[in-house]
1. Within the stretch 23-36, does at least one residue satisfy the condition of being more than 23 Å from E260 (Cβ to Cβ), surrounded by 11 or more Cβ atoms within 10 Å (Cβ to Cβ) and not hydroxyl-bearing (S, T, Y)?
2. All but one of (1) free of Cβ contacts under 8 Å to residues at least 60 places away in the same chain; (2) of a type in the set (G, A, S); (3) more than 18 Å from M73 (Cβ to Cβ) hold for A202, so report the exception by its number.
3. Could you tell me which residue of the stretch 85-115 is farthest from V181 (Cα to Cα), considering only residues that are within 37 Å of the chain's Cα centre (by Cα) and surrounded by fewer than 17 Cβ atoms within 10 Å (Cβ to Cβ)?
4. Quick check, is T138 open to solvent by 30 Å² or more (accessible area, probe 1.4 Å), within 30 Å of E244 (Cβ to Cβ) and in contact (Cβ under 8 Å) with a residue 12 or more places away in the chain?
5. Identify the residue in the stretch 28-68 that is small (G, A, S) and in contact with a helix residue (DSSP H, G or I) (Cβ under 6 Å, 6 or more places away or on another chain) and, among all such residues, is nearest to I236 (Cα to Cα).
6. Could you say whether any residue in the stretch 37-50 is outside any loop (DSSP other than H, G, I, E, B), aliphatic (A, V, I, L, M), modelled with pLDDT under 90 and crowded, with 19+ Cβ neighbours inside 10 Å?
7. Only one of A125, A149, A130 is open to solvent by 20 Å² or more (accessible area, probe 1.4 Å), of a type in the set (G, A, S) and closer than 28 Å to T198 by Cα. Can you tell me which?
Amino acid sequence: MRVTQSMLAGNSLRNLSKSYEKMGTYQDQLATGKKINRPSDDPVVAMKGMHYRTNLTEVEQYQRNISEAYQWMENSEAGIEQGTQVLQRVRELMVQASNGTNGPEDLKAIGAEIKQLKEDLVGSANTQVAGNYIFNGTQTKEAPVTLNADGTVTVNIDKSPFEIEVSKGVQLKANINSDNVFSEDLFAVMGSIEKALTLGDASGLDGLLSELDEKMDSMSAERAELGARYNRLELIEDRVGKQEIVSTRILSENEDADLEKVIMNLTAQESIHRAALSVGARIIQPTLMDFLR
């Protein structure tokens, strides 16, 4: 086979072009820190990267959901704590009013404080988080308890569970059963206590005291159930955190370039390119003018 000057020149240019392309690839990897910059660079890596990135995005969303669940549970626990303190104070006042040493005016004063405590309980029942009523089930835009102008209380609590997806296929209830905490019966008992004391009649407080104790027990039970779900949420958070670490590592292994290796490859390619340039300069035959000089 006859090798001509044009064939040598063409091959030399093609090889130089490929050398430039390889150096460009290594430079892109160094600049971006990624193995590929276009799907066409390596379709397999690109497809795996889409899958891994989807998994990581899901995990990050679950972490945001967990944060929201924490917010609901912690505010619910605070609301129950506030309600418990109110009822404990009401109980202390009832015991004080029942000791037989209080006159009508004293009982009225105690009744006035009971009224204030009842209104404070209404405020706790209408606790909002980010504009949502956390004690009204899924009806988060409506107040569960209304204090009427005549001092009576209207309770319209939705008992539906407010669930948040905290892991793949895992729905966790973030709210409480508000009917066990801020029930219509509770406010009815509070109203009866207030009315009896305002009228200066402490004779019926014993029966109301036992009803109040039942409401306090119901609050404590709901608080314990909330605590159990809070503990479970902490376990889920730990598991999701580990999933994020694993997903991030796998994504990095799939897409991130080994910079040390890339630098070595680029250095070697630069040496090869210089050699190719040198060889190309030599294989091009001198012209007649070069001989005449």
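The values are calculated or read from the model by the stated rules, or taken from the named source; none is laboratory data. Keep in mind that this is a model prediction, so the values were computed, not measured. With ideal geometry, Cβ positions are generated from the backbone for all residues, glycine too; neighbour counts draw on all protein chains shown. Only protein heavy atoms, including side chains, enter the accessible area calculation; ligands, DNA and RNA are left aside. Shrake-Rupley method; radii C 1.70, N 1.55, O 1.52, S 1.80 Å.
1. Keep residues of the stretch 23-36 that are more than 23 Å from E260 (Cβ to Cβ), which gives none.
Checked against the condition, which is being more than 23 Å from E260 (Cβ to Cβ), surrounded by 11 or more Cβ atoms within 10 Å (Cβ to Cβ) and not hydroxyl-bearing (S, T, Y), the stretch 23-36 yields no hits at all.
2. That leaves (1) as the condition not met.
3. Here is the first cut: in the stretch 85-115, the ones within 37 Å of the chain's Cα centre (by Cα) are 85-89.
From the residues that got through so far, the ones that are surrounded by fewer than 17 Cβ atoms within 10 Å (Cβ to Cβ) too are 85, 88-89.
Details: Q85: 13, Q88: 14, R89: 16 Å.
The selected residue is R89.
4. Values: open to solvent by 30 Å² or more (accessible area, probe 1.4 Å): yes; within 30 Å of E244 (Cβ to Cβ): yes; in contact (Cβ under 8 Å) with a residue 12 or more places away in the chain: yes.
Yes, satisfied.
5. As a first pass, look at the stretch 28-68 and keep what is small (G, A, S): 31, 33, 40, 46, 49, 67.
From what's left, in contact with a helix residue (DSSP H, G or I) (Cβ under 6 Å, 6 or more places away or on another chain): 46, 49.
Values: A46: 31, G49: 26 Å.
Across the stretch 28-68, the extreme among qualifying residues is G49.
6. Our first condition is that a residue be outside any loop (DSSP other than H, G, I, E, B); within the stretch 37-50, this holds for 39-41, 43-50.
Add one more test, that the residue is aliphatic (A, V, I, L, M), and what stays is 44-47, 50.
Among the residues that remain, those that are also modelled with pLDDT under 90 are: 44-47, 50.
Adding the requirement that they be crowded, with 19+ Cβ neighbours inside 10 Å leaves none.
So far as the stretch 37-50 goes, no, none of its residues is outside any loop (DSSP other than H, G, I, E, B), aliphatic (A, V, I, L, M), modelled with pLDDT under 90 and crowded, with 19+ Cβ neighbours inside 10 Å.
7. Details: A125 fails: open to solvent by 20 Å² or more (accessible area, probe 1.4 Å); A130 fails: closer than 28 Å to T198 by Cα.
Just a single option satisfies the conditions, and that option is A149.
Matching residues to (1) in contact with a Phe, Trp or Tyr (Cβ under 8 Å, 6 or more places away or on another chain); (2) not acidic (D, E):
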| position | (1), (2) |
| --- | --- |
| F182 | yes, yes |
| K195 | no, yes |
| S203 | no, yes |
| L212 | no, yes |
| D217 | no, no |
